[in-house]
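A short worksheet on the structure shown next.
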Amino acid sequence: MTEIKKITKISLLAYGIVNILYGPMAIFFPVPLFIPSTTNPYNARFGGAVLLGIAIFSFLILIKKDWEWERIKLAYQFLYYLLVANIILEPTRLLFPATDLMMMISQTILDMIIMSTLLVLGVYSYFKQRE
């Protein structure tokens with residue numbers, strides 16, 4: 001069994017912190033930062049719940065000392081797959097602006113920077129973990 005390396009723990013901690021910040025904001029304050037492009041007011045709240053789930057899982061991995069890399073590898077890959085999917089889908093919300101277009105553009109750029117940084121850190125730690 002392979003121990004979880006420090007860089008992998010750092011990437012999970014960063015991922016968890018970002019999600020623990022964004023999750024409650026999306027659940028409790030969906031307007032104006034998390035305006036859904038549809039008329040369903042719960043879209044942003046569902047996304048916030050997913051973010052909280054990601055944060056909880058990230059912190060569980062860090063808290064449980066006996067978990068090895070082989071036990072979390074598939075879940076780790078899935079967490080970072082979610083980032084790839086979000087990076088691809090994030091710009092599509094600009095196709096249907098619900099409010100101020102400039103605010104949505106700036107929010108999309110900020111989200112893309114945060115998600116890209118987390119993805120690069122996650123992929124780097126994944127390859128370091130495989131060594």
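What the table shows:
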| read-out | value |
| --- | --- |
| Complete set of residues in the range 74-131 that are out of contact with any Leu (no Cβ under 9 Å at 6 or more places or on another chain), over 14 Å from TYR15 (Cα atoms) and of a type in the set (S, T, N, Q) | THR92, THR99, SER106, GLN129 |
| Which listed residue is assigned to a helix (DSSP H, G or I) and at pLDDT below 85, from GLY16, GLY47 | GLY47 |
| Any hit, the range 27-38, residues being assigned to a helix (DSSP H, G or I), modelled with pLDDT under 90 and surrounded by 14 or more Cβ atoms within 10 Å (Cβ to Cβ) | yes |
| Residue check, THR108 among the β-branched types (Val, Ile, Thr), in contact with an Asp or Glu (Cβ under 8 Å, 6 or more places away or on another chain) and over 19 Å from ARG130 (Cβ atoms) | yes |
| Those residues of the range 95-131 which are of a type in the set (Ser, Thr, Tyr) and either open to solvent by less than 80 Å² (accessible area, probe 1.4 Å) or at positive phi (or both), in sequence order | THR99, SER106, THR108, SER116, SER125, TYR126 |
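The values are calculated or read from the model by the stated rules, or taken from the named source; none is laboratory data. Quick caveat: nothing in here was measured; it's all calculated off a predicted structure. Here the Cβ is made from the backbone with ideal geometry for all residues, glycine too, and neighbour counts use every protein chain on show. Areas reflect the complete protein model, heavy atoms only, side chains present, ligands, DNA and RNA absent. Shrake-Rupley method; radii C 1.70, N 1.55, O 1.52, S 1.80 Å.
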